[in-house]
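Shown next, in structure tokens, is the structure this report addresses.
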Amino acid sequence: MSMDQLRGRLDDAFSAVSPVSAPIEGAIRKGKMIRLRRRAVAAAGIAAVVAAGIFTPLAVQWQSAGPVTTNYTVTVQPPGPHSPAGEIAWGTVDGKTWQIVWEKPCRWNDEVNGGISQCILDLGAPFAQDDVVEGTGGLSLTPNYGLSPSSVPVNFQGNGGGVLAAAWVGAVSNDVSSVAVRLNNGTVLTLDPVMVHGVRSVAFAEPVGATIVNATAYSQTGEISTATPFILPNGATIFAAWLRPGQRGHARVTGLIVDDASGSASAYLGPWGTCIADVSKGGSVSSCNGHGGSSILPWLQGAWSGDTIGSAPQAATKIVFKWPDGRTVTVHTVAIGGEKFFAVPPFPKPYDWAPWTTYNAAGQVIATGGHS
Amino acid sequence: MRAGLDEEFRAFMHGRWSAMVHLAYGLTGDLGHAEDVAQAAFAKAYASWPKVCRAGNPDAYVRQIVIHENLNRLRKRRVAEQLTDEVPERGAFDASSDDRPALMAALRRLGPRQRAVIVLRYWLDLSEAEIASTLNCSVGTVKSQASRALASLRESGQLVDEELR
């Protein structure tokens, strides 16, 4: 069989399916949502830094759901004299060596995820290609994104969830001299920041089935702050709030924001900060960041329902949206752990957002917004 | 985004939707997944559309996202940020040619990267260097993946000739 013949057969096979018509408006709506979420996360991060200095934009590792185990060994080492260029760390998981390398230049997802420079990291040899899902664990690192020495000591970004290990990287602020990561079997991984491509960075591998208890950033003089990650029921791990010594985080409270035939979303408050997650029907979306403050803030769009879910001022009891087609939609806020949340049904296509007015219990207008 | 760019995007997606779904179908072996992957790729492209336009090759850009959306989908095992809010209605499969399902079944048995190499090399006609760049691996890895994939297809009876190596 010639190459042309194989091409022809592939062409036949692939073109035999008839896709639905192009969901252009849906893609635009989702694209706008991506942009809106970027802005919301950035705005929330900045606002929270000013207000409380504890919140960080989303830092998340998605891993396959599976049984939690304590039966693993994991080590981490700084790069050695024979390490490849760009290596942040290496070590072992159950005796097998891993390494995390920040490759330059960016190869494929530059500007895909938020217009911020991101590069691929390689969870590489001597793991066999089939040991780690896809052979190389592509990771996204966002150097210096939202970092400030006074706010977030380590901007952890994670990815992976392969057969043997997932991997985490973090851009580290200048005052951090080391980071201790505690795992559920008692292992404490000490991460020494190294300068890679101009960014102080740390990295570690997390065995599948392990969970991260917390991470503490230290300066030369002592503890800076500790982050307890939020772990979704499906295993997704999110670093959000970093608490300074003595600083109290949220009490652990979980509450339902919306639950209907098409999906449900909940708010999870705890030492990790405030997170909203929609884990309906096996899919999931989640977001963790600062409170919306004086304005309502859309956090995410439900995985299945399409509802936009967000937070509102504490005094708000209802929000009235004025849709572009003239209709008004009133949603009542849900109080969870002293914060207010809301869910609003999908806006008429192709709109993602609409002018809104928030009211308190006395029916007085608290704020208006949403005019683009 | 200004209206002109929106219209450009609409025209682009209208024209390239089927091609991207067919590419994703080759990579995933499942039409539903293919449509999800393609829609997510177009949504991401829209989110960065001004930059995509400035880069000058939106087709290659979206193709790249499709490929990596699929690899990420498999790597993460769960769809981490599934923005799809509705399951599209299924397209129809034209089963008039009997060997198509067998070929697709053989492709599905390949590893995701081997399948990607086959699709990129023998369907899109990309060079090994382009594939290596796309998949973020070495040319040697592309060659070995292709070799193993072709061997697997031969074993399945989908390749009966020794010409392709």
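Can you give me the number of residues within the stretch B:23-66 that are at pLDDT 75 or above, assigned to a helix (DSSP H, G or I) and either facing chain A (nearest Cβ under 8 Å) or more than 11 Å from the chain's Cα centre (by Cα) (or both)?
The first filter runs over the stretch B:23-66 and keeps only residues at pLDDT 75 or above, leaving B:23-53, B:57-66.
Now restrict to residues that are assigned to a helix (DSSP H, G or I): B:23-28, B:31-47, B:49-53, B:58-66.
Now restrict to residues that are either facing chain A (nearest Cβ under 8 Å) or more than 11 Å from the chain's Cα centre (by Cα) (or both): B:23, B:25-26, B:31-32, B:34-36, B:38-40, B:42-47, B:49-53, B:58-61, B:64-65.
Looking only at that region, the number is 28.
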Among the residues of the stretch A:319-344, write down those that are open to solvent by 40 Å² or more (accessible area, probe 1.4 Å) and of a type in the set (Phe, Trp, Tyr).
none
Here's a check for you: in the stretch A:244-267, which residue that is at pLDDT below 85 and among the polar types (S, T, N, Q) is farthest from A:Ile336 (Cα to Cα)?
A:Ser262
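Looking only at the stretch B:107-125, count how many residues are among the hydrophobic types (A, V, I, L, M, F, W, C) and crowded, with 22+ Cβ neighbours inside 10 Å. Walk me through it before giving the result.
At the first step, the residues of the stretch B:107-125 found to be among the hydrophobic types (A, V, I, L, M, F, W, C) are B:107, B:110, B:116-120, B:123-124.
Still in the running and crowded, with 22+ Cβ neighbours inside 10 Å: B:107, B:116-120.
So the answer is 6.
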Which condition from (1) out of contact with any Lys or Arg (no Cβ under 9 Å at 6 or more places or on another chain); (2) open to solvent by less than 10 Å² (accessible area, probe 1.4 Å) is the one that A:Ser219 breaks?
(2)
Within the stretch B:129-160, residues within 11 Å of chain A (Cβ to nearest Cβ) and β-branched (Val, Ile, Thr) come out as B:Thr134, B:Thr141, B:Val160
Restricting the stretch A:194-214 to residues that are closer than 26 Å to A:Pro84 by Cβ and either modelled with pLDDT of 95 or more or of a type in the set (D, E, K, R) (or both), the residue that is surrounded by the fewest Cβ atoms within 10 Å (Cβ to Cβ):
A:Arg200
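The values are calculated or read from the model by the stated rules, or taken from the named source; none is laboratory data. Predicted model only: the values in this text are computed from it and were never measured. When we count neighbours, we look across all protein chains shown, and the Cβ atoms used for this are built from the backbone with ideal geometry, even at glycine. Quick note on the areas: whole protein, heavy atoms, side chains included, nothing else; ligands and nucleic acids left out. Shrake-Rupley method; radii C 1.70, N 1.55, O 1.52, S 1.80 Å.
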